[in-house]
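Undergrad: There's a structure below that I have some questions on.
Derivation of every value follows stated rules applied to the coordinates shown; laboratory data play no part. Owing to the predicted nature of the structure, the values given are computational and were not obtained by experimental measurement. When we count neighbours, we look across all protein chains shown, and the Cβ atoms used for this are built from the backbone with ideal geometry, even at glycine.
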Amino acid sequence: MAKNISNTQKPEKPFKILLIPGHDNEVWGAEYGNRKEADMNLVLATKIYNILKEDKRFKVFITRDGNGYTKDFSDYFSAYKEDIISFEKNAKEKMVGNITDGNFVRKKNAPHHRVSSNIALRLYGFNKWANENNIDAMVHIHFNDYPRANNWVIGKYKGFVMYIPDQQLSNYKGSESLAKKIFMELHKKYPISNFLPEKKGIVTDQQLIAIGANGTLDASVRSVLIEYGYIYEKIFRNNKTRSQFYKDAANLTVKGLENYFFGK
């Protein structure tokens with residue numbers, strides 16, 4: 001865990017937080033009716049960003065805004081595309097070697113949608129950028145989904161869940177500690193997912209690139225992926241309750257970050 005600092009004491013250097021609102025305008029993730037997950041992710045991530053940027057104890061980055069990927073990241077993807085491809089390839093080859101040598105054991109993970117090669121490249125790019133820029137914590141913002149007959153059907157699952165790296169990955173310990181702090185705050189107001197593979201609330205995973213699949217995040221980079229709820233839940237279907245959720249969830253997420261880095 002990060003060294004505890006009192007809530008009024010400023011650290012020697014601000015902690016660097018990278019917020020990643022999941023998906024984008026081309027691949028927008030889950031849908032309910034005409035509502036897209038990517039848009040919801042961005043609204044919530046922006047609220048978290050706006051709170052953190054006012055706190056001088058943090059230096060906060062966000063991967064996209066209302067105009068698309070921010071300049072830092074659009075420039076990075078353009079300038080270092082081949083480096084990111086090599087980063088991904090080398091990490092996968094190293095992991096294959098670790099598995100072959102018995103140094104890493106594959107486990108069954110919760111089911112996830114497969115991502116395209118372009119999206120995978122962006123996710124690996126975020127990880128490479130985070131390592132290079134000494135990011136202290138990455139928070140991926142998402143809303144969950146489950147296969148349904150069509151986008152207007154309400155599914156049977158509800159609740160939030162947090163994904164963290166597998167215990168065999170080097171950034172597991174810090175990520176777990178961070179996740180617990182955020183989880184404690186969110187769980188004060190929201191129920192845990194009732195989908196069986198997610199019922200523990202904090203779930204380890206080997207396959208999610210966002211949290212360091214194939215060992216692509218340094219041990220110092222804590223990474224959590226939060227599914228704040230299922231996109232079709234009642235609270236998200238109403239404009240008023242959805243807006244209040246964004247506000248409350250942002251404040252609770254920030255409170256969890258504060259509790260981790262500075263102690264409660």
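Undergrad: Among all the lysines, which ones have a C-alpha under 22 Å from K53's C-alpha, if same-chain residues fewer than 8 places away are not counted?
TA: Output for K53: K3, K10, K13, K16, K71, K181, K247, K255, K264.
Undergrad: May I ask you to derive the relative contact order of the chain, considering only C-alpha pairs under 8 Å and at least 6 residues apart, and to give it as an integer percent?
TA: Values: 452 pairs, mean separation 72.1, N = 264.
Worked out over the chain, it gives 27 percent.
Undergrad: What lysines does K89 reach when the alpha-carbon gap must be under 16 Å and sequence neighbours fewer than 8 apart in one chain are set aside?
TA: Reachable lysines: K81, K128.
Undergrad: By count of other Cβ within 10 Å, fewest leading, how are W129, W152 ordered?
TA: In order of increasing Cβ crowding within 10 Å: W152, W129.
Undergrad: On to the next question. How do the peptides 224-233, 49-58 rank, highest first, by the average count of neighbouring beta carbon atoms within 10 Å per residue?
TA: Final packing ranking: 224-233, 49-58.
Undergrad: Projected onto the charge dipole of the chain (+1 at Lys/Arg Cβ, -1 at Asp/Glu Cβ, origin at the Cα centre), which of I226, Y49, S243 gives the Cα projection farthest towards the positive end?
TA: S243
Undergrad: Still on this model: Of K59/K107; K36/K94; K156/K200; K108/K189, which ones are farther than 27 Å apart at the Cα?
TA: Violating the 27 Å limit, Cα to Cα: K59/K107; K36/K94; K108/K189.
Undergrad: Taking a cut-off of 20 Å between Cα atoms, list the aspartates and glutamates near K199, but don't count ones fewer than 8 places away on the same chain.
TA: D145, D166, E176, E185, E227, E233
Undergrad: Also, quick follow-up: Using the Cα centre of the range 15-262 as the reference point, and only Cβ charges (+1 on K/R, -1 on D/E), how large is the resulting charge dipole? Debye, rounded to the nearest 20.
TA: That gives the range 15-262 a dipole magnitude of about 860 debye.
Undergrad: Which whole-number percent gives the relative contact order of the range 28-185, counting Cα pairs below 8 Å spaced six or more residues apart?
TA: RCO, the range 28-185: 24 percent.
Undergrad: Where the only charges are on Cβ atoms (+1 Lys, Arg; -1 Asp, Glu), what is the dipole of the range 29-123 about its Cα centre, to the nearest 20 debye?
TA: Using Cβ point charges on Lys, Arg, Asp and Glu, the range 29-123 gives about 300 debye.
Undergrad: Follow-up question, since we're still on this one. Only four residue types carry charge here, +1 at the Cβ of Lys and Arg and -1 at the Cβ of Asp and Glu. Report the dipole size of the range 102-210 about the Cα centre in Debye, rounded to the nearest 20. Mind showing how you got there, number by number?
TA: Working: 16 positive and 8 negative charges, 81 e Å.
With Lys and Arg at +1 and Asp and Glu at -1, about 380 debye.
Undergrad: How high is the FRET efficiency from D65 to S116, r the C-beta distance, R0 22 Å, rounded to 0.05?
TA: With a Förster radius of 22 Å, E is 0.50.
Undergrad: Okay, moving on. Along the positive direction of the dipole of the range 41-169 (beta-carbon charges: Lys, Arg +1; Asp, Glu -1; about the Cα centre), which of L169, N151, F104 reaches farthest?
TA: So the residue we want is N151.
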